[in-house]
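Just so it is clear, none of the values below were taken in a lab; they were calculated from the coordinates. Worth saying up front: this structure is predicted, and the values here are computed from it rather than measured. Virtual Cβ from ideal backbone geometry, glycine too; neighbours counted across all protein chains shown.
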Amino acid sequence: MPALFLNILKLIFLALVYLFLWQIARSIGAHVGPGQRSKKTKVADELAVIRSETMAGQTIRIGAGIVIGRSEEANFVIDDTYASDFHARIGQQQDKVLLTDLGSTNGTYVNGRRITVPTSLGKGDTVQIGKTIFEVR
Amino acid sequence: MNRNAEASLLVGASLLASLGVAMVNFTLGRGFDAQVALTFVVWILSFGSVSLALRRWAPAANPYLLPLAAILAAIGFTEIYRLDADLAAIQRWSLLLAGAAAALVLFLLRGEGVRQLRRYRYLFLTVGVLLLLLPLLPDSFPIHGAEINGSRLWVRFRGLSFQPGELAKLFLALFLASYLADNHVAMSVHTRRVFGLGFPPLRHFGPIIIAGGVAFIVLVYQRDLGASLLLFALFVGMAYIATGRRSYLAAGGLFVAVSGVVAYQAFAHVQRRVDAWIRPFDDYSDTGYQIVQALFAMGSGSISGSGIGLGRPDLIPAAATDFIFAAVAEEMGFAGSVAVIAAYALLVAAGFGIALRTRDVFRKFLAASLTIVLGVQTLLILAGVLRLFPVTGITLPFMSYGGSSLLANMILVALLARISHTGRSV
């Protein structure tokens, strides 16, 4: 029965190819995606600088509350000519993280929209101050 | 640990390659000669040398890139061997050469190598463009261009022929990553809005316009629709990835649409391709022949294929090169083609994963642009074979017969692996 034998051989070849790909697909998950997702906390507590000329990659702990601005007296001094001296404040209130614009010249943006009132932040939101963009983590 | 997983997967892929060859021998009555063992040895030597180079100079590299390339090469090689044993013998030598070249690249880039590439951007641009234009050298020169099937893509030196455009893509990807690493911030600033999309100052469209120009020259003088589209997609895609501005995509899409219409009106070779795509059966015996043969082949493949060596993929013109996917779809069926597409998808996912996880902008952009080169090339030729798009005549990475393509893609994967090694460090 060569026809039957060839058919079985064909299926074995295909099965081996799929087995191979399955082995890779199973373990590739850990290698795809931005990674570092394991440290999951419920409330956002960190800002990561994701676009900036000089500060990209830095992270800032929010803690009880911080003021971001260009002034030396701000909690987080931002190196960005488009930011105001005291640009915005981020603080914890009950279980929320609130972002307040402190009357800055160029405004504060959450997910691309300029904010006018204190705005609550969740993980994954982006905050833009001047030309610097943060991501809430 | 990772490297051991890679090694065992590579052995698996090598066994599959020789199993494929054994099946061809069996069904075509070629007898169990040395080919089976030889194929296994070549796979082990070629991919093994890259794997050893990774072990030595990039031990933390992503361990799945190389096995994916190895299995794609194994499936493709089985079909090449089935179609023409002489081509397969040349392909084996190319694979050895490609493996050695990739290992050499890893050696040269040991330590801080990749970071240093950032400095030589205009050298890479010049080399890339020169390589692209090399086939235009007149026939009287010792190294001269050659025209095959109406496209002038080959360079001949004595008896050797080479497709320099394949390597040019790597150099252009390097240039682009370096250029964008320095300019992406400026390029993402909007100065005006048109139709609800913000647009950066006109001078930042410079690279896009240059890309359009180069793509246009390639299209007109070398009649190479595929390389032209690939280069343009690379430039536009990278401008978008680097800036996050959709205006680059919009401008690029508009440019492609307009120049597509113009090219269709102005160039007979483009017109022929498009007509053969839309109405292949109108001119079945001539321009539509290749596509129609491929459609019949894929249709007769059914779910699990006719069996390796039992179909007639030899009836498709260029079955071992551009249309290798149709041959695979006929003899390994829907199941085999889905496996191939899945392997490419995993490769592209791994590539973008590396780009996402890399902090240093230059290496991040380099990983992204190499992945775009690989992904867009695969997409273009697969879509062409499946009649979702006009046939663009580029090779399917790792599977098609062709030394230049194999060499370029092996180096591409080695570069991606090298970037993944230093992924998270700044």
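Our note on the geometry: Cα centres of region B:76-137 and region A:70-137, 48 Å apart. Once the Cβ-Cβ distance of B:Phe296 and B:Leu137 is raised to the sixth power relative to R0 = 51 Å, the FRET efficiency obtained is 0.85. Using a cutoff of 8 angstrom between alpha carbon atoms and counting only pairs six or more residues apart, the relative contact order for region B:115-266 works out to 20 percent.
Taking label points 7 Å from Cα along the Cα-to-Cβ direction, B:Ile90 and B:Arg3 give a separation of 3.6 nm. Computed over the protein assembly as shown, the per-residue total of -39500 (n - 2.57) for DSSP H runs of n ≥ 4 gives a 222 nm mean residue ellipticity of -19500 deg cm²/dmol, rounded to 500.
In the neighborhood of B:Ala89, defined by Cβ-to-Cβ distances under 14 Å, what is the net charge if each Lys or Arg adds +1 and each Asp or Glu adds -1? After counting each charged neighbour, the total is 0. For the pair B:Phe107 and A:Thr81, label points projected 7 Å from Cα toward Cβ lie 4.9 nm apart. Could you tell me how far the Cα centroid of region B:1-69 sits from the Cα centroid of region B:268-287, in Å? If you average the Cα positions of each part, the centres end up 40 Å apart. The count of lysine pairs in the protein assembly as shown that are at least 8 places apart or cross chains, and whose C-alpha atoms lie under 17 Å apart, stands at 6.
A simple spin-label model places the labels of B:Arg279 and A:Asp95 6.6 nm from each other, with each point 7 Å out along Cα-to-Cβ. The long axis of helix A:2-28 is offset from the longest Cα principal axis of chain A by roughly 20 degrees.
Here region B:115-266 is assigned +1 on the Cβ of each Lys and Arg and -1 on the Cβ of each Asp and Glu. Its dipole about the Cα centre then comes out at about 500 debye.
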